[in-house]
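Written out below as structure tokens is the structure these notes cover.
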Amino acid sequence: MTTASTAVQASENPGGPSASAAAARQVTKAYGSGETRVTALDAVDVDIQRGRFTAIMGPSGSGKSTLMHCLAGLDTVSEGRIWIGDTEITGLRDKQLTRLRRDKIGFIFQAFNLLPTLNALENITLPMDIAGRKADPAWLQQVVETVGLADRLKHRPTQLSGGQQQRVAVARALAARPEIIFGDEPTGNLDSRSGAEVLTFLRRSVDELAQTIVMVTHDPVAASYADRVLFLADGVIVDEMHGPTADSVLERMRRFDGKRTS
Ligand SMILES: Nc1ncnc2c1ncn2[C@@H]1O[C@H](COP(=O)(O)OP(=O)(O)O)[C@@H](O)[C@H]1O
Ligand SMILES: [Mg+2]
């Protein structure tokens, strides 16, 4: 890296290393005010590494979804700063933020959100069609093959299993080659077999397509597909784990449960 480019990146991303696909510095998010004020995130620092699969875990209400929504620019922060790649998103105007989300971020939600009247391939390319962009055919083919959907492209959502529908949703997120994909409980609506299908695909998209993925989950098995797990409790990142297994994650989660009163 040249000195010049270091200087440019330093000025654009003074808080976090630009090697990160996303970064948060001292991010606080509060809902409500006065007696009903809830601090969902409390001075969170986090770096999401490029080309890695990161899981966010923690008890219900610990701030997982809030952290994901703030990192993805779906929600504003009360204090602190967020970057997607080299671009600081805190302070962007709505229009710029919408464009950045469209161009750099892919989303997968618990509900697949496929359009029933379109076939799988049409669903995959829909966001790009709306944006007036042409999918790179070689990339699209690679995505479709990695998802294992090559022989299902003409099928409509109702003709696909839940796991296949979610794989279409993942392929849709990947098609535009986003800088980062965020998933909030993407396997939450799936049985364990379909969930494993989707998680295996997410893993392959990291290993084979160098995709960056951040996934919120409460399922230790799902988290075990990740490279790294961040543990949230009461809006604070209290721990992290590299190379997680379902057992090691479950063990860590039990320590939260023991402390909970509800
Ligand atoms: N829109 C909102 N208005 C008020 N409080 C909220 C809102 N969204 C989340 N919260 C609160 O913020 C905290 C964190 O919520 P959330 O991020 O959804 O947790 P998780 O995803 O870990 O279950 C909880 O106490 C929740 O009740
Ligand atoms: Mg949540």
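The values are calculated or read from the model by the stated rules, or taken from the named source; none is laboratory data. What you see is a predicted model, and the numbers here were worked out from it, not measured in a lab. Cβ: placed from backbone, ideal geometry, glycine included. Neighbour counts: every protein chain shown. Quick note on the areas: whole protein, heavy atoms, side chains included, nothing else; ligands and nucleic acids left out. Shrake-Rupley method; radii C 1.70, N 1.55, O 1.52, S 1.80 Å.
Structure notes:
- Entry remark, the range 207-233: residues being under 13 Å from residue 173 (Cβ atoms) and among the hydrophobic types (A, V, I, L, M, F, W, C) number 4 in total.
- Among the residues of the range 128-141, those that are open to solvent by 80 Å² or more (accessible area, probe 1.4 Å) and either within 24 Å of the chain's Cα centre (by Cα) or of a type in the set (Ser, Thr, Tyr) (or both) comprise 129, 130, 133, 134, 141.
- Any hit, the range 40-48, residues being farther than 27 Å from residue 250 by Cβ and either away from ligand 2 (no atom under 16 Å from the Cβ) or touching a residue at least 40 places away in the same chain (Cβ under 8 Å) (or both): yes
- Look at the range 177-193: where a residue is among the aromatic types (Phe, Trp, Tyr) and a partner is in a strand (DSSP E or B) and open to solvent by less than 90 Å² (accessible area, probe 1.4 Å), sitting 6+ places away or on another chain with Cβ atoms under 7 Å, you get 182/105; 182/107; 182/214.
- Scanning the range 142-158 for residues that are open to solvent by 40 Å² or more (accessible area, probe 1.4 Å) and either in contact with a helix residue (DSSP H, G or I) (Cβ under 8 Å, 6 or more places away or on another chain) or over 19 Å from residue 181 (Cα atoms) (or both) returns 142, 148, 150, 151, 152, 154, 155, 156, 158.
- Only residues that are surrounded by 16 or more Cβ atoms within 10 Å (Cβ to Cβ), out of contact with any Ser or Thr (no Cβ under 8 Å at 6 or more places or on another chain), at pLDDT 95 or above and over 18 Å from residue 91 (Cα atoms) were counted across the range 1-51, and they come to 1.
- Residue in the range 59-111 that is farthest from ligand 2 (Cβ to nearest atom), counting only those that are within 27 Å of residue 199 (Cβ to Cβ) and exposed (fewer than 15 other Cβ atoms within 10 Å of the Cβ): 103
- Test: residue in the range 134-145 that is in contact with a strand residue (DSSP E or B) (Cβ under 8 Å, 6 or more places away or on another chain) and under 25 Å from residue 216 (Cβ atoms): no
- The requirement of being out of contact with any Gly (no Cβ under 6 Å at 6 or more places or on another chain), within 16 Å of ligand 2 (Cβ to nearest atom) and touching a residue at least 12 places away in the same chain (Cβ under 8 Å) is fulfilled nowhere in the range 124-146; no residue meets it.
- Pairs linking a residue in the range 52-70 that is over 18 Å from residue 227 (Cβ atoms) and without any contact (Cβ under 8 Å) to a residue 40 or more places away in the chain to a residue that is near ligand 1 (Cβ under 6 Å from one of its atoms) and open to solvent by less than 10 Å² (accessible area, probe 1.4 Å), with Cβ atoms under 7 Å and 6 or more positions apart or on different chains, do not occur.
- Subset of the range 224-252 (residues that are open to solvent by less than 60 Å² (accessible area, probe 1.4 Å), within 25 Å of residue 28 (Cβ to Cβ) and touching a strand residue (DSSP E or B) at 6+ places or on another chain (Cβ under 7 Å)): 228, 229, 230, 231, 232, 235, 236, 237, 239, 241, 252
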